[in-house]
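Have a look at the structure below, then the notes.
The values are calculated or read from the model by the stated rules, or taken from the named source; none is laboratory data. For clarity, every value in this text was computed on a predicted model and none was experimentally measured. We place every Cβ from the backbone using ideal geometry, glycine too, and count neighbours over all the protein chains shown. Ligands, DNA and RNA are excluded from the accessible area calculation, which covers all protein heavy atoms including side chains. Shrake-Rupley method; radii C 1.70, N 1.55, O 1.52, S 1.80 Å.
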Amino acid sequence: MNALAQDIRFALRTLWKTPAFTAIAMLALAIGIGANSAIFTVVNSVLLHPLPFPQPERICQIYTARMDAFTAMDDRTFADFEKQSAAWEHISAFNGGQSNLSGIGEPIPVHGVSATTAFWPTLGVEAAFGRTFRKEDDTNGVVVLSDKLWRTHFGADRSILGKVVKLDGVSRAVIGVMPQAFSFPATTELWTPLVVDPKPGQGWLYTAIGRLKPGVSIDQARAETKAIAQRLQPREPHAAESAGVLSLHESVVGQIRPSLYVLLGAVGFILLIACANVANLLLARGAGRRQEVAVRASLGASRTRLIRQLLTESSLLAICGGALGLLIASWSVPVLIQLVPEGMIPRLAEVGINSQVLLFTFLLSLATSLLFGLAPAVQLSKARLAESLKQGDRRIAGAQGLRSVLAAGEIALSLVLLIGAGLMIKSFIRLRSVNPGFNPESTLAMTVNLPDAMTAQQLVVYHNQVVDKLAAIPGVTAAGAIDWLPFDDALSRGDFYSEAGSRPRAHLQVSKPGVSPDYFRAIGIRLLRGRAFNGRDPENSLGVAIVSQSVAKRVWGDQDPIGKRVTLEDEPKAKDWLTVIGVVDDVKQRNLAEKAPVLAVYQPMTQVIRAGFLQHMAYVVRANGNTAALANLMRRRFREMDPNQPIQLLSSMNEMISATTAEPRFYSRMLGSLAAVALLLASLGIYGVMAYSVAQRTREIGIRVALGAQRGDIFRSVMLRSAVLVSIGVALGLAGAFGVTRVLQKLLFEVKPTDAATFAAVSALLILIALSATFIPARRATAVDPMVALRYE
């Protein structure tokens, strides 16, 4: 311990005497360690921490329907599972959406979830005060509030219990408030009882979760789920092949796991580049310390003792860099959370620096000290005493070669990051250039959710009145309404029949939006054939429909679809058949990255018979000028008509499209920023290697100039050596990028992970910047005065 204390004191004095070296090395390490700590903080909280429920490993999601990344179970199947399953201690179903909360204070939009009473015992949670709903509450109007909603809207009033609020026009008594840490599903603000109706013809999809009985494994539950789905096959043909069980943790974070690991790998590259830079600094500094080490060795210090002393200095440097990196991480984590698009990363509210992050940073600092300190320490400790004690010999055997290897490694790692960033940026540019199927310019959308108590006829009257008021605003050229707005969260899909009588296959499911007559003109969807809806299509007239271009091609091929008949009902009556009167462009419904168009069959809003399909409505307005002032006018006109109805959303269509590209934009910015840092560090590494090389070769360059060498020859010699070094690094980087960038496959849009143009362009950019970093040392070499160089020697 006494020797260790001596080593630490000596290391502190040594680092204090070289403030420039210490500051640069600490800053490089702080950037690398800080970036890793920040991303690890997110990974630790989101992926590694268990969900905040009792025995969370026993909670799973159960599903028998799979559509893209969405897994669910319909109402009849859930009822069958409740009766037949023996693997689950509790099983619950829930779904959620936007609702209107009124009755106390200003009306506000909230995100609510309807769940069966087993929801609470399945998760194993209780209310902070009050209670959760029970079986007898299924037919009563009750609601449970989140802690956040209770504090922000109700002023943390503990007397809220028993008070009546209105949710979508239905009176409900507040019976409980949940703990502050509870929010499931994420962003939920209140919960209401759900009664699953298994009668035929309902067709609602729910998320189903269950708590395994003690001693039952997930594999056993999965086998039972497959068996039950197999028995349902006559009614649900695809249930058995789609059925599965997934841990709730995987269900919540599974989609984001690959992306977070990509970011963690990227910041790992930054740390490796920073370590290579610091190792280069230590090697350069070691040239000046060679005599010191030789003197200590001649006085009896063993090689092991010398290495330990040098590693002590490296460890102090790394720990100080780690402490500074932790400060950088504590500052950058809140910034990172702000930059993350809403809803992209689950459990984001749980992210924070904790004991695991502190331990990770400490261990990372120690590992880093060995990574960048061991090679220079070994290199310096093996110098020969006789040569080292000569005043004129200031080289370390093998150091120049090692520094070149480190610089080439920096270039290779930087190139991998740059190519990854280039692929993401190119992918994002292509995504933004996709035609959404309508013209979003100068277009605003406003969405509302209306009460359950209103009938379909009342809803149609209400929506027509709103559309008329919006159309009367000065500067508005067209106004329309649609229940399932493109790029909004909601979408209704289902099978349909053509008049030929054959039921379309599952992949021919269509969305079934109801629209007002002027909707297509308001949002800018082209009418390709036939006519649009008009006032001649009222509720009691002949049923009509407009189909998207893909529906027309898939169902009727080269035939003219005008006059053909379709139905959206499973068991259609004569009045349920719709005559096709027009064909419109395909529209991207959920995001620009949709591989296949969403097939759509549009109905006149007046002919939609189910009130549930008209409660959520979007009003679209097209203006002939600036839309900034129009938003306030739309809000004012709507308030004049219905002051008690909150507006769910008021946004331009461009903003809504931009929101769906927020995730690829975030990854492009993150990888681009990390690649820029890597490029800067690599450029500094190249500069350091070449500057050190020129300093070492001062005598040689002086002799060459004295013997008649031209300045241009000296310049080309230095640049050629740099070019060789850069070429080796680029070759290694291209090989590495060819394999590593494949992990970006799922994040890219219409860009291959081995895109040749990106590889070539990024390589050329890196070569140009790296050679530019050599320019100053090369010019310095041409300025060597042979008289000065030889007099020094």
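Quick notes
- Where 353, 647, 337 fall by accessible area, highest first, once all protein chains stay in place (1.4 Å): 353, 337, 647
- 25 Å Cα-Cα threshold exceeded, pairs from 226/588; 83/135; 199/573: 226/588
- Accessible heavy-atom area order of 752, 746, highest first, probe of 1.4 Å: 746, 752
- For the range 85-201: rounded, prolate or oblate by the Cα gyration tensor [a/c cutoff 1.5]: prolate
- Counting only protein heavy atoms and a probe of 1.4 Å, the accessible surface of the range 1-126 is 61% carbon and sulfur.
- The three principal axes of the C-alpha atoms in the range 547-678 carry coordinate ranges of 65, 46, 31 Å, sorted with the longest axis first.
- A cut-off of 5 Å between modelled amide H atoms, ignoring neighbours fewer than 5 places along the same chain, links residue 478 with 622.
- Exposure check, 1.4 Å probe, all protein chains in place: residue 484 carries approximately 40 Å² of accessible surface.
- Gyration tensor (alpha-carbon) shape descriptor, the range 32-123, a/c threshold 1.5: oblate
- Only one residue of 43, 150, 114 has its Cα farthest out toward the positive end of the dipole of the range 17-164, where Lys and Arg carry +1 and Asp and Glu -1 on Cβ, and that residue is 43.
- The residue list 777, 730, 4 was ranked by how far each Cα lies along the charge dipole of the chain toward its positive end, using unit charges on Cβ atoms, and 777 comes out on top.
- C-alpha center-to-center spacing [the range 95-131, the range 243-287] in angstrom: 38
- Computed accessible area, residue 80, all protein chains, 1.4 angstrom probe, square angstrom: 30
- About the Cα centre, charge dipole magnitude for the chain (Lys/Arg +1, Asp/Glu -1 at Cβ), debye: 3420
- In Hz, Karplus ³J(HN,Hα) per residue of the range 182-191 (6.51, -1.76, 1.60; θ = phi - 60°; x = Gly, Pro): 8, 7, 9, x, 3, 6, 5, 10, 7, 10
- Hz values of 3J(HN,Hα) by residue in the range 624-633 - Karplus curve (6.51, -1.76, 1.60), Gly and Pro given as x: 9, x, 5, 8, 4, 6, 5, 4, 5, 5
- The 3J(HN,Hα) values that the Karplus relation (6.51, -1.76, 1.60; θ = phi - 60°) gives for the range 358-374 are, in residue order, 4, 5, 4, 5, 5, 5, 5, 5, 5, 4, 5, 4, 5, 5, 9, x, 5 Hz. Gly and Pro appear as x.
- Extreme residue, positive dipole direction of the chain, given options 668, 100, 709 (C-beta unit charges): 709
- Accessible-area ranking of 189, 342, 750, 410, largest first, probe 1.4 Å: 342, 750, 189, 410
- Geometric extent, Cα atoms of the chain - Rg, Dmax (angstrom): 34.0, 108
- Residue 575 accessible area, 1.4 Å probe, all protein chains in place, Å² to nearest 10: 150
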